[in-house]
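Only one structure is covered here, and it is reproduced in the block below.
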Amino acid sequence: MRDSTTKPRYRTSEQSEPLSKRTIVSRIVLGIVSVALIAGMVIQFTPNLGGGGAGAQTEGKTLFTVNGVKVTEREMDRFRQQNPLFAQNFDGTVGQDLENTLSAQVILIKAAQSDAARIRISDSDVSDQLKAFRASRGLVKDADYLSQIQSAGYSDASFRDTLRLQSQIQKRLKEIQDGVTVTDAEAKLFFELNKANYKSEERVLARQIVVIDAKMAAEVQTKIKAGEDFKALVAAYSKDDGTKAEDGALGSKKGAKTPGEVTALALPTNVATEAFKLKDGGVTVSIADGGKFYILKVEKFLPAGQQTFEEAKTKLMEDAKQTKANGATENWIKTLEKAAVVVPEKDSGFVYFDPTVLKIGETEVKLHELNRTVYNNQQIQQFLAQGGAQGATLVEQFFKPQTIETIIKQAVAVQAAKESKQPFIGAQTDIQTSVQQWQTRDVTVTEADARKYYSGNLSFYTTPASASINQATFTTLEAAKAFRAAFVAAPSDFAKAAAKLKGTVTEVGSVTPESIDKAFKAVVFDAKALTKAGAIQISDVIQKDKTFVVLGVTTLIEKTVKSFNDAKADAEAKALATKRTAAGAAWLTTQQKGIKVQNFYADVRKQLEARAAKAVAEKKALELKRQAEADVAKKAEAAKNPPLEITVSEATAKVTVLDGTKVVETATGAKVSFKLPNGLYTVQVEAKGFKTFTQEVRFPDLKAVTVKLEAVK
């Protein structure tokens, strides 16, 4: 952000950007990013090349330093060019916001660079990264590689420096995360608050017989029904080498003959579907899958259930450590931003306008923190990209107030969490969720609550009707009737049978009552006027405009609604979640009443508007100055050039010289001349009673024009 004045050095404020679980360094988003992705922020401006530019450029003058690390004009331009949002030319408060956000991002990266400077990255490591980069983009030739990086303003040396910086920050971040340890108290509280994530799946204890043809499968089934021993049949028939030696036991340890617990994922899909239907145990039908036939004996069905702390501990500790690492990363970034010493370079015109917008109890929120949260919202980015001024209005009138309220609630929740003395872990967004879960841990639901939820959300428990259809279209009723009669009598290939009678077949695919043509809906879903014909069902002939249609329905699924008893567990869980969410919001509102909240944004907005108006005025003044300088230069150039002489056949003719659509000079007479700077012009000659004459002239390549006007007949 440029300003006509400079200011003394200052320190940036703490950041309170919310972080999402398990996303640190896993997503890479250029530009306005979550603070958890600081490594990604550095990675961003490296690989996204080819975005314009005219080759490697000088870095330009230094704008400011962060902890002594320089930030140049060219470096700021690189960051700006890499994100379409920053590259858009917004006036008003949005333009000021984006400059603030861009500056904050660069300051954060430079602070991280300073912090990670002690980490050594060897030249060979950088070379390996460069090789991987070139390979990933097919830049085999040095010329292609140099062209790519120069298009983004890099030289080979500066690009290598950027790769080194990227690695340093990545290693520093890993160092911080790897140093995290989770205490027993933290782990136990984490488990209590996240029990829903640690449930065992449905499992079975089962044995299987696998054969390779349907005839042998039928023979095995007959013997099972006759009471023959399943293990003996495994030995006699099964072709599965992996389980035959274990008496067909699934999930057993090698050499053991006792079945182990297996989930549906351990079995082929069709096999799992049938096996997990046997809640009371039993033997499945013969199941075809992948060219084999399976028969399973389910000895015991084990329903899904809540794991104990010990059962969940391995996965639980991984999740808890990652969550705590989120918090460690957030704290690191807060420290970086709080300690960052930003010094504008003398006469650079750079000012980082970053006032306090909120104070919530002991928490202070700076403008860049509000902006980062606002402009990291993908919806807002789309509004701005598509809506222009309208999008900017939405930001101020809707999104910013909404974001301010969110930030306030999060700060209130975090302060309440500290006062509770409970060992919550994670970033601020994790802690907000955790403390609300803790405060609502005693909330329960009744069957009446579950029924109310079920009744109000029947669509969640409804499987809509659907059908898979093919459409045969004929030009005459006789052909359509003949096709239908022949197909019902002797089912065959639908498309080939229709083609014999010059019918056109369209594979419509899967449809619902809402997506299908009304006339077809009446036949397929309403009246169900279909006749079985082999593997499909055939409709009567349907007249559609001037054609005649026969539908072939390959799959028809009736609409079903899961009963309350079948949906009870899910309805109870969701009713409880809804009730706890409402209770958590109510608790947070109560907490907020006890904390002093100061919102300075109205005053900050006035300052932003004043700065925006000043920026527009300065921009206009600069444009006028440049135009005036250009006009002076053109006049000086014109004075050095010989005149453009134009001779006309009529002395009363009006001669006009245009630069595009702009009139440059006008004169009247049979012989006129103009003093012009170099350029491409249009000469226009008009006279009463004559056709208008025009000619394009590149001056001073052409210095004289002779015009003979043609009379109007």
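The values are calculated or read from the model by the stated rules, or taken from the named source; none is laboratory data. Just so it is clear, the structure is predicted and the values come from calculations on it, not from any experiment. Here the Cβ positions follow ideal geometry from the backbone for every residue, glycine too, while neighbour counts run over all protein chains shown.
Of the residues in the stretch 369-385, none is of a type in the set (Lys, Arg), in a helix (DSSP H, G or I) and in contact with a strand residue (DSSP E or B) (Cβ under 7 Å, 6 or more places away or on another chain). Could you tell me whether the stretch 403-425 includes any residue that is in contact (Cβ under 8 Å) with a residue 60 or more places away in the chain and loosely packed, with under 13 Cβ neighbours inside 10 Å? The answer is no, given that none of the residues of the stretch 403-425 is in contact (Cβ under 8 Å) with a residue 60 or more places away in the chain and loosely packed, with under 13 Cβ neighbours inside 10 Å. All of Ser155, Ser167, Ser114 fail the test of being out of contact with any strand residue (DSSP E or B) (no Cβ under 7 Å at 6 or more places or on another chain) and either modelled with pLDDT of 95 or more or more than 30 Å from Glu318 (Cβ to Cβ) (or both), apart from Ser155. Once the stretch 650-661 is narrowed to residues that are in a loop (DSSP other than H, G, I, E, B) and hydrophobic (A, V, I, L, M, F, W, C), the residue that is surrounded by the most Cβ atoms within 10 Å (Cβ to Cβ) is Ala653. Checked against (1) in a helix (DSSP H, G or I); (2) at pLDDT 90 or above, Gly138 passes all but a single condition, namely (1).
Could you identify the single residue in Lys239, Lys338, Lys244 that is touching a strand residue (DSSP E or B) at 6+ places or on another chain (Cβ under 7 Å), basic (Lys, Arg), in the same structural domain as Lys225 (by TED's automatic domain parsing) and at pLDDT 90 or above?
Checking each option against the conditions leaves just Lys239.
The criterion of being surrounded by 21 or more Cβ atoms within 10 Å (Cβ to Cβ), under 26 Å from the mean Cα position of the chain (by Cα) and closer than 30 Å to Lys188 by Cα holds for Thr323. Remark: Leu98 falls outside the filter, which requires a residue to be modelled with pLDDT of 90 or more, in contact with a strand residue (DSSP E or B) (Cβ under 9 Å, 6 or more places away or on another chain), buried (at least 17 other Cβ atoms within 10 Å of the Cβ) and not β-branched (Val, Ile, Thr).
Say whether the condition of being modelled with pLDDT of 95 or more, of a type in the set (Val, Ile, Thr) and in contact with a strand residue (DSSP E or B) (Cβ under 7 Å, 6 or more places away or on another chain) is met by at least one residue in the stretch 559-566. No, the stretch 559-566 contains no residue that is modelled with pLDDT of 95 or more, of a type in the set (Val, Ile, Thr) and in contact with a strand residue (DSSP E or B) (Cβ under 7 Å, 6 or more places away or on another chain).
Screening Ile38 against (1) at pLDDT 90 or above; (2) in contact with a Leu (Cβ under 8 Å, 6 or more places away or on another chain) leaves a single unmet condition, (1). Of the set (1) surrounded by 11 or more Cβ atoms within 10 Å (Cβ to Cβ); (2) more than 58 Å from the chain's Cα centre (by Cα), all apply to Ala711 but (1).
Of all residues in the stretch 156-185, exactly one satisfies the criterion of being surrounded by fewer than 20 Cβ atoms within 10 Å (Cβ to Cβ), over 30 Å from Phe133 (Cβ atoms) and either small (Gly, Ala, Ser) or touching a Phe, Trp or Tyr at 6+ places or on another chain (Cβ under 8 Å) (or both), namely Ala185. When each of Ile149, Ile119, Ile107 is tested for being part of a loop (DSSP other than H, G, I, E, B) and of a type in the set (Val, Ile, Thr), the lone residue that passes is Ile119. So is Val508 under 30 Å from Thr578 (Cβ atoms) and aliphatic (A, V, I, L, M) or not? Spelling it out, it is not the case that Val508 is under 30 Å from Thr578 (Cβ atoms) and aliphatic (A, V, I, L, M).
Is it true that some residue in the stretch 121-136 is closer than 27 Å to Lys334 by Cα and in contact with a helix residue (DSSP H, G or I) (Cβ under 7 Å, 6 or more places away or on another chain)? Yes: one or more hits.
The helices (runs of 4 or more DSSP H) found wholly in the stretch 177-257 and carrying at least 2 residues that are farther than 30 Å from Val435 by Cα occupy 214-225, 230-237, 241-244. For a quick check of your reading: which strands (runs of 3 or more DSSP E) sit entirely within the stretch 262-355 and have at least 3 residues that are touching a residue at least 24 places away in the same chain (Cβ under 8 Å) and farther than 22 Å from Asn197 by Cα? Per the criteria, 292-302, 341-344.
For the residues Lys528, Lys625, Lys606, the requirement of being within 36 Å of the chain's Cα centre (by Cα) and not assigned by TED's automatic domain parsing to the domain that holds Thr93 singles out Lys606.
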